[in-house]
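This report concerns only the one structure given below.
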């Protein structure tokens, strides 16, 4: 078990002790950070439960017959917390597939369905957690050619956006999450952690416009690359992560993906939607940062 | 600040102490400030224009002295680095400037201009500005944030337009598919849709047979996407069945989807109800709002009742939702139960739509005239294409399988469909059309623009052979080489060589300026002209807004600042939108130049477009709207514009698509008709007729005129179709998807007793159709003092083509009528006094007299043709 998880386990225990081990049950939701199906263990970055606990990272023993093999880091889980003497249990685990029912994400859901039905190769192009992410080459805001493979040995957190995106809760929020990561992991930026925003509107966001967009967050190009390329190139990279986008009345309708790639260049997590917090993403990144190279995610809890 | 601790308010000692410190600090600061004041007070807002030669500087000095705006001139002509900022140097102390500038500025007060100063870099002119010029572009972030915060509600798009485009995108195509073969594009559309419906249907049916494939959300998305594809084609029963399948799944475990599905089901049922009751094909009065006949209802009512059921379910969750409330009210109208039957909590009162003025009732005569053709979203142009003195009607449809339709005016109140005879039957699709006599042969040609909102596709230039037929000369003319998505273009002679050039603006591709070489071919010079900016452009219009003799361009963009391109007179342009104050709205659509206040200078109208039904309804119910309003910019005569939107009462939000202007009451002031809506079946909104009251305000006369068509509004033209000296309104209706077509409407003008004249110009040195020629009519109404009315030939909306002939309303008892004409290429002027009113005249450039034209008035549809226009296009469907 990683040091961080141990530390957090300790604090979680303190919390539980303080509550006196009363047999309470609470509905909880969070982002899965780690999973060990063999030991029925999960670590979750939980959302706050008003009157019970703040948002925090907690390990749980999963009770019940759930098969944890289908779970991968980055998923949103809903479950019930019940307290044992010295540990917290998670019961009635459910994977939350869709968390945003606004018109645009719903539209993106329909379009994704159409895309994957009509193009049977689309599904196969999507990298699964634990699998190596194919290398890609795009151009950053300083006009530098950037390859994913040049960051091997470092952790990469990556999302998608475009500058004319009218809804700050979508593109802005996802890139702003990266900005919060930059502050949280300030000392490790560039040397240990690389951020990427892949810009999906290359007709508009190129050259100076791309630079201006990166300047929104005063992004240091060495640590935070705003990347674009030809439309087919961008689309190909996006499809690797199951990210799709469509032209719609002058805007782009798009799905939401935030991706973490580990030091070996394997996919560590692929977060869908925009409802998770920057703190949860940070917890996930921290978990991946703690993993030494050449260690598969499944072995993390061994 | 006075502080005294009283018994009533115990102020902690600590705060008092801090307050004292603060006071002391403030005192020290103010002492320090006094010392600084002298330096501060010397500071001035300074502007500079630097020209390369003394001669250039003298020209600019003359322009400044004639009242032209300093910052616009700086942007256009200065070679200094400050040009982009309108010449603004900042708030500076002149004492810090180099000696020759200090000398030049000495003794100058605010508003004053220096003499020409010789610098190493060139010849400078400085000005002490009253205020800093606008130095920030339109605040994109502020407007965008209104969407995200929910301040602007954007509902679901129930039409399948995005799904059908995705399906089209996925479908295998050969390279060059969009360059030549219009029939092939139709086949791709048809086949891709059929293929997708089949594949998705099969995938959903097979679910579970080879183990569980789809999650519940995926199944909901799958059924919803199939519902959208059926909805796109207008197969509403199949569509509703799929929406219901999704709805049942959502009820059992994914309740987050329910509100959108309820609204989608309600809107689909309402659309089905309208189709079942032949509302779209039938040219009935039943889709005009407010209702013309209070208790009239649809014959078949079941589908409307289902719609109500779903809208009410939705409203139980979100009772304040204005979009759903509006749709509920409309559905009650289809039952003849609006307003009385609408639950009080959801009622949108009819009174909110009441007109305070009457202009007479406009009646749709399209069926009787043979013009009731079914169209999707498309352009409408009205002009005399066969030179018989009668105005013909051409309408396009963006459905890539629909041919353009050409209607010949028979002169007896009826029109004949001559699409086939004219050689136009293969001209499929086209979101917009624009007319012009590009080859100066005296016959109006047609440009078809394609691909708007969809995918890049070829344009077509259709040369009028002057014998009732047209030839596609796109490739021969050089316009076939670039394939873009566009819905707007404007013709203008940019270099006054007597030939009309073409400016095409695109969606997400550089704008293109095609210079007319005079031999039937064009050369693309957008880049060298400095006018090739990329935007998601929705409208373009042209006028010589600053009176320098050269045609300028204005481009309206969706999701970006608009551009004003000043023509520098040497085939280059400078973008001065910010300096001229015309960048808004951020979300723009149709636009035009017109002289709404008859001061002799072109003013600028720009429609705002935000696909939010709620925002439009707020305009009526007196709520607070958060979306941008229409914009009317009054020309200040100095190269800049004043935003008079609020002053004239146009600070309203409508979801404007097609729109145009004309004079419905012949008072000499140009009125406006707006065609509203967006692709979604959730967005039937009344069109709006706005009467111009003497250039001072615009009042809504929709209800009293009966012109509140609810269906999607596209190309609109004002035209004197029946030669009675009054303008009828030809309104293209129909949505962005094939399942949402509607007949063309022709709202016949009830007529009035005001005088008028109809002027047709023929250019000899100036381009033949006289585009850009300026007409001034001076008239006395009864015993009133003389007034002037101004028109510029060729001015029309970017989304609707008025004829080039100018019907000019003169008001009541018009006397002492004089006509002045100015020709842009020759700069020739003509003056004719004592012109008789209520007649048609033709004026040739340089001629010393004008010709009276014989025209016979008739009533539209008076003698209905044996067969109205077939509702299916010939040779298709």
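Each reported figure results from applying straightforward, stated rules to the coordinates on display, with no laboratory input. Quantities reported herein were computed from a predicted structural model and do not represent experimental measurements. Cβ: placed from backbone, ideal geometry, glycine included. Neighbour counts: every protein chain shown.
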Given a Förster distance of 41 Å, report the FRET efficiency between residue B:62 and residue B:646 from their Cβ-Cβ distance, rounded to the nearest 0.05. 0.70
Listing A:80, A:39 from the residue with the fewest other Cβ atoms within 10 Å to the one with the most, what is the order? A:39, A:80
Calculate the FRET efficiency for residue A:48 and residue A:135 from the Cβ-Cβ distance with a Förster distance of 41 Å, rounded to the nearest 0.05. 0.55
Cα-Cα P(r), region A:181-276, percent of pairs per 10 Å interval: 14, 42, 38, 6, 0
Give the peptides B:214-227, B:427-440, B:193-206, A:187-200 in descending order of average Cβ contacts within 10 Å, highest first. B:427-440, B:214-227, A:187-200, B:193-206
Averaged across orientations, what area in nm² does the convex hull of the alpha carbons in region B:496-649 project? 9.9
Ratio of the protein assembly as shown's C-alpha Rg to 2.2 N^0.38 Å, to two decimals? 1.02
Label residue B:853 and residue B:476 with points 7 Å out from Cα along Cα→Cβ: what is the distance between them in nm? 2.7
Inter-part distance where region A:231-267 and region B:266-284 are each reduced to a Cα centre, Å: 40
Across peptide A:99-109, how many C-beta atoms of other chains are within 10 Å of each residue C-beta, on average? 6
Cα-Cα P(r), region B:406-533, percent of pairs per 10 Å interval: 13, 43, 32, 11, 2, 0
For residue B:139 and residue B:84 in the same chain, what is the full-extension length gain: residue separation times 0.36 nm, less their Cα-Cα distance, in nm? 18.0 nm
Folded to 0 to 90 degrees: helix A:231-240 orientation relative to chain A principal axis, Cα: 20
Expressed as an acute angle from 0 to 90° and rounded to the nearest 10, what is the orientation of the C-alpha long axis of helix A:3-18 relative to the principal long axis of chain A? 50
Neighbouring Cβ atoms within 10 Å as the yardstick, rank B:723, A:212, B:356 fewest first. B:356, A:212, B:723
In what sequence do B:454, B:507 fall when counting other Cβ within 10 Å, fewest first? B:454, B:507
Inter-chain shielding metric for B:215-224, i.e. average beta-carbon neighbours from other chains within 10 angstrom, reads 5
Fluctuation leader among A:94, A:128, A:280 - chain A, Gaussian network, Cα springs under 10 angstrom: A:94
As a percent rounded to 5, the proportion of antiparallel DSSP bridges among beta bridges in region A:143-298 is 50
At R0 = 51 Å, how high is the FRET efficiency between residue B:570 and residue A:147 if r is their beta carbon distance? Nearest 0.05 is fine. 0.65
What spacing in nm lies between the two simple spin-label points modelled at residue B:548 and residue B:93, each 7 Å away from Cα in the Cβ direction? 3.7
Shape of region B:106-201 from its Cα gyration tensor (a ≥ b ≥ c, root eigenvalues): rounded if a/c is under 1.5, otherwise prolate when a/b > b/c, or oblate? oblate
What do you get for the angle between helix A:103-118 and the principal long axis of chain A? Use alpha-carbon atoms, 0 to 90 degrees, nearest ten. 80
How would chain A be classified by its alpha-carbon gyration tensor: rounded, prolate or oblate, with rounded meaning a/c under 1.5 and the a/b versus b/c comparison settling the rest? prolate
Stokes-Einstein D for region A:24-71 (25 °C, 0.890 mPa s, Kirkwood Rh from Cα pairs), in µm²/s, comes to 214
Provide the convex hull volume over Cα atoms per residue for chain B, in Å³. 229
Rounded to 5, the percent of DSSP beta bridges in chain B classed as antiparallel: 95
For a label point 7 Å from the Cα of residue B:209 along Cα→C-beta, name the residues of region A:100-123 whose backbone N is under 19 Å from it. A:117-120
From the Cα gyration tensor of region A:90-134, with a ≥ b ≥ c the square roots of its eigenvalues, which class applies: rounded if a/c is under 1.5, or else prolate if a/b is larger than b/c, or else oblate? oblate
Alpha-carbon Debye profile of region B:230-283, log10 I(q)/I(0) at 0.17, 0.22, 0.29, 0.30 Å⁻¹: -0.54, -0.78, -1.08, -1.12
Take the Cα of residue B:361, step 7 Å along the line toward its Cβ, and report every residue of region B:687-704 whose backbone nitrogen sits under 14 Å from that point. B:703-704
Rounded to the nearest Å, the spacing of the alpha-carbon centers of region A:130-207 and region B:216-250 is 36
What does a probe at residue B:120 reach in region B:46-70, counting residues whose amide N is under 16 Å from the point 7 Å along Cα→Cβ? none
Where labels lie 7 Å past Cα in the beta-carbon direction, separation of residue B:248 and residue B:195 in nm: 3.1
